[in-house]
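First the structure, in the form of structure tokens, and then the observations on it.
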Amino acid sequence: MAAAPTLILGLETSCDETAAAVVRRDEEGRGEILSNVVLSQVKDHAPYGGVVPEVAARAHIRHLGHLAEKALADANLTASDLTAVAATAGPGLVGGLLVGHTFGKGFALAQSLPFIAVNHLEGHALTPRLLGPCPFPYLLLLISGGHTQFQLVRGVGDYTRLGTTIDDALGEAFDKTAKLLGLGYPGGPQVEALAKTGDSRRFDLPRPLKGRPGCDFSFSGLKTAVREIVQAQGSITDQLRADICASFELAVSETLADRTRRAMVMFREACPDTGTPAFVVAGGVAANARLRATFTMVASSQGFTLIVPPFHLCTDNAAMIAWAGAERFVLGLSDGLDAAARARWPLDTVSAPMVGRGRLGAKA
Ligand code: KG4
Ligand code: ZN
């Protein structure tokens, strides 16, 4: 166990955000973000309607060095003050992963620091513990552009996947719906804004897998249903757009409520003596106010405490990577410089991989 406070430089390059941060973990396990810089590449990818891996990797190369310098400067530290360097090693787009991972290893080697290869999903999973007390075990729902999964979080490095998507990620379903309606990328915020003025009962969209055993998801049928409505209507008016967005959001909300209740039952079966466990929702889609209201309702009815990290820590960032690095480091879990970047890297090593492919490649 490390005795002194741990100061970790974290690097994140797995998708379309280039990010660097410094996080401090004190001897009692309390976290503090000393700096957190994120450069979004949304503008670079918007013309293509989605993330282009080659464009992303080149942008990471251009920006990571000066962002790491800024993270150290913002924290009033120099490299020699650091305890270790942590970089996302997967899952994600392999070009970007190689940039951050190789930079992190080079930095660690040059400064004679330990290196920690972090699973991006573990970064999301452990974020609530950076913000305050969040004892194990707890239930995590990760809903982003690349991932949609329930994890039972028993400890650092100890995860059981309870459910996942068999096709599209939820953020992807929002983005594809937006694209079908001629809205820009990323689509989630625009679908949410338009849904506010729409009639959520106008279109009876599917609630995929609702009522089925388990807590897996499927969103590709929802996207197909939206496409069929758009094709059948011929011309798209503003009111039609708003009504589709509202109907889509309602279908997603009811599906998530059903899947979440089931995940909570599965959690209770696996961990019967947990009192009022935390239910943590992370990922960009957690920004959606209607879905947050749904989670609040389901959590309170099932005896869970809902934790949704602030938006800038729900979406991709390096503070979560630095924190996961700190949690691993104090347990003696650092890595050699031969650690490889992994496009696929499930958090839970026992669950079978899913067959579907999404924005970030095959589902982990
Ligand atoms: O976690 P994130 O920033 O990046 C990764 O995918 O890794 O999530 C981005 C996703 C996008 O698909 C975006 O459309 C969705 O989160 N999103 C939203 C909202 N804000 C962002 N979806 C629904 N409602 C929102 N307000
Ligand atoms: Zn993410």
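Among the aromatic types (F, W, Y) and under 25 Å from L306 (Cβ atoms): is that true of F217 in this structure?
yes
Taking Q41 and the conditions (1) crowded, with 17+ Cβ neighbours inside 10 Å; (2) more than 22 Å from G284 (Cβ to Cβ); (3) under 21 Å from the mean Cα position of the chain (by Cα), which numbered condition does it fall short on, given that it satisfies the others?
(2)
Return the residues of the stretch 123-155 that are within 17 Å of the chain's Cα centre (by Cα) and among the hydrophobic types (A, V, I, L, M, F, W, C); say none if nothing qualifies.
Step one: filter the stretch 123-155 for residues within 17 Å of the chain's Cα centre (by Cα), giving 123-131, 138-153.
Once the filter is applied, which keeps residues that are within 17 Å of the chain's Cα centre (by Cα) and among the hydrophobic types (A, V, I, L, M, F, W, C), the stretch 123-155 yields A125, L126, L130, L131, L139, L140, L141, L142, I143, F150, L152, V153.
Would you point out the residue of the stretch 39-56, among those that are charged (D, E, K, R) and within 24 Å of A341 (Cβ to Cβ), that is farthest from ligand 1 (Cβ to nearest atom)?
The selected residue is E54.
Every residue, every condition in (1) over 26 Å from F311 (Cβ atoms); (2) among the hydrophobic types (A, V, I, L, M, F, W, C); (3) touching a Ser or Thr at 6+ places or on another chain (Cβ under 6 Å), yes or no:
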position: V153; (1), (2), (3): no, yes, no
position: T165; (1), (2), (3): no, no, yes
position: A169; (1), (2), (3): no, yes, yes
position: K179; (1), (2), (3): no, no, no
position: D199; (1), (2), (3): yes, no, no
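Would you mind telling me which numbered condition in (1) out of contact with any strand residue (DSSP E or B) (no Cβ under 6 Å at 6 or more places or on another chain); (2) touching a residue at least 12 places away in the same chain (Cβ under 8 Å); (3) open to solvent by 30 Å² or more (accessible area, probe 1.4 Å); (4) not in a helix (DSSP H, G or I) V51 fails?
All conditions are met except number (3).
Of the conditions (1) touching a strand residue (DSSP E or B) at 6+ places or on another chain (Cβ under 8 Å); (2) open to solvent by 10 Å² or more (accessible area, probe 1.4 Å); (3) under 22 Å from G221 (Cα atoms), R259 satisfies every one except a single condition; which number is it?
Checking R259 against (1) touching a strand residue (DSSP E or B) at 6+ places or on another chain (Cβ under 8 Å); (2) open to solvent by 10 Å² or more (accessible area, probe 1.4 Å); (3) under 22 Å from G221 (Cα atoms), the one that fails is (2).
Test I166 against the criterion of being open to solvent by 50 Å² or more (accessible area, probe 1.4 Å), in contact with a Gly (Cβ under 7 Å, 6 or more places away or on another chain) and away from ligand 1 (no atom under 16 Å from the Cβ), and give yes or no. Walk me through it before giving the result.
Values: open to solvent by 50 Å² or more (accessible area, probe 1.4 Å): yes; in contact with a Gly (Cβ under 7 Å, 6 or more places away or on another chain): yes; away from ligand 1 (no atom under 16 Å from the Cβ): yes.
Against the criterion (open to solvent by 50 Å² or more (accessible area, probe 1.4 Å), in contact with a Gly (Cβ under 7 Å, 6 or more places away or on another chain) and away from ligand 1 (no atom under 16 Å from the Cβ)), I166 qualifies.
Within the stretch 1-38, which residues are part of a strand (DSSP E or B), within 16 Å of ligand 1 (Cβ to nearest atom) and open to solvent by less than 10 Å² (accessible area, probe 1.4 Å)?
Result: G10, L11, E12, T18, A19, A21.
Somewhere in the stretch 174-182, is a residue within 16 Å of ligand 2 (Cβ to nearest atom) and at pLDDT 95 or above? Before the answer, list the steps.
Just the residues of the stretch 174-182 that are within 16 Å of ligand 2 (Cβ to nearest atom), to begin with: 174-175.
Narrowing the set further to residues that are at pLDDT 95 or above leaves 174.
Yes, the conditions are met somewhere in the stretch 174-182.
What number of residues in the stretch 271-292 are open to solvent by less than 50 Å² (accessible area, probe 1.4 Å), of a type outside the set (F, W, Y) and closer than 16 Å to P135 by Cβ?
Count: 5.
The values are calculated or read from the model by the stated rules, or taken from the named source; none is laboratory data. Just so it is clear, the model here is predicted, and its values are computed rather than measured. As a convention, Cβ positions derive from the backbone with ideal geometry for all residues, glycine included, and neighbour counts pool all protein chains shown. For the accessible areas, the whole protein counts, side chains as well, though only heavy atoms, and no ligand, DNA or RNA atoms are used. Shrake-Rupley method; radii C 1.70, N 1.55, O 1.52, S 1.80 Å.
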